[in-house]
Amino acid sequence: MSTLLHLDSSADRSTSRSRAITAAFASAFREAGPGNVVIHRDLHTDPLPHLADASLHWAAGLRAADASPEPAAEDLQRRLIDELLGADVLLIGVPLYNYSLPSSLKAWLDHIHVPGRTAPSAISSAPLAGRPAVLVAIRGGNYDSGTVNEGRDHATPVLELILGEEMGMAVTVITNSLTLASSVPALAGQAGRSESEYAHALRRARDLGEQLGSRTTAPRR
Ligand SMILES: Cc1cc2nc3c(=O)[nH]c(=O)nc-3n(C[C@H](O)[C@H](O)[C@H](O)COP(=O)(O)O)c2cc1C
């Protein structure tokens, strides 16, 4: 029995590719093992507030002596972190917005990246080390090397840095680019490539969901 924490952040509720691909992953994960559980958090339809107080970036034992975050804000952060720590696998739909993360997803990240709690520090190790995190990165344009957009995707690298390098999670990225090819005339010639990347991403999501959902996870201590 394994638990998946499934996050979506696309503001498109009807034709979103990230939502379709994360749904395919989650469904394969659910079916891969008896008792598998999927916790779905829709950061767009049920948005989180911005981080209420800078002191919440630090675990309680690392905060300044005069820090006094609101108890309600601290409680929300505790629930989000417990939800993450309780999951065997993390799945995130990441549409590229203005070359960056949707603000709804950034608010979640600001709540859960906490040195001393979810990231190593003088008072703790890395509780999420080695745990799988799957990013479904969807972009309207072309980000190939040699194109004008090369290096301008500032969403995936931030998540790889925070979840992977800082928190120690094992990050896998599934990508589909050029999703605007069917609506932006300048990209029209690349619609076929976008569709084939989409089909490949759906297959990969199903395979990975099944693989991670059928793993036996060690009991938490
Ligand atoms: C607010 C907003 C900003 C966007 N900014 C970019 C951008 O900077 N670069 C890009 O390639 N596509 C951009 N797009 C297009 C989306 O990345 C594209 O529509 C993608 O398919 C969104 O993911 P989804 O299909 O899961 O909704 C933007 C879309 C929106 C709604």
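Worth a mention:
- Length-normalised contact order of the chain in % [C-alpha pairs under 8 Å, at least 6 apart]: 27
- For a paramagnetic label modelled on Ser183 (point 7 Å from Cα along Cα→Cβ), amide N atoms under 12 Å away belong, within region 1-41, to 11-17.
- Per residue, in Å², the accessible surface of the chain once ligands and nucleic acids are set aside, probe 1.4 Å: 49
- log10 of Debye I(q)/I(0), alpha-carbon scatterers only, for region 27-150 at 0.18, 0.22 Å⁻¹: -1.10, -1.33
- Counting only alpha carbon atoms, the long axis of helix 103-112 and the longest principal axis of the chain meet at about 30°.
- Here the label points at Ala129 and Glu70, each 7 Å from Cα along the C-beta direction, are separated by 3.6 nm in the simple model.
- The length gained on full extension between Asn149 and Glu195, counted as 0.36 nm times the residue separation minus their Cα-Cα distance, comes to 14.6 nm.
- Which of Thr147, Ala186, Asn36, positive extreme of dipole for the chain (C-beta unit charges): Asn36
- Cα gyration tensor shape for region 124-212, rounded if a/c is under 1.5, else prolate or oblate: oblate
- For the chain, alpha-carbon Rg and Dmax in angstrom: 18.1, 60
- Neighbourhood charge, 11 Å Cβ-Cβ cut-off, centred on Leu128 and excluding it, Lys, Arg +1 and Asp, Glu -1: 0
- Environment charge at Arg78 (Cβ cut-off 13 Å; Lys +1, Arg +1, Asp -1, Glu -1): -3
The values are calculated or read from the model by the stated rules, or taken from the named source; none is laboratory data. All of these numbers come straight from a predicted model, not from anything done at the bench. Because the Cβ atoms are built from the backbone with ideal geometry, glycine has one as well, and the counts that use them run over all protein chains shown. Each accessible area value is taken on the protein alone, full model and side chains, heavy atoms only, with ligands, DNA and RNA left out. Shrake-Rupley method; radii C 1.70, N 1.55, O 1.52, S 1.80 Å.
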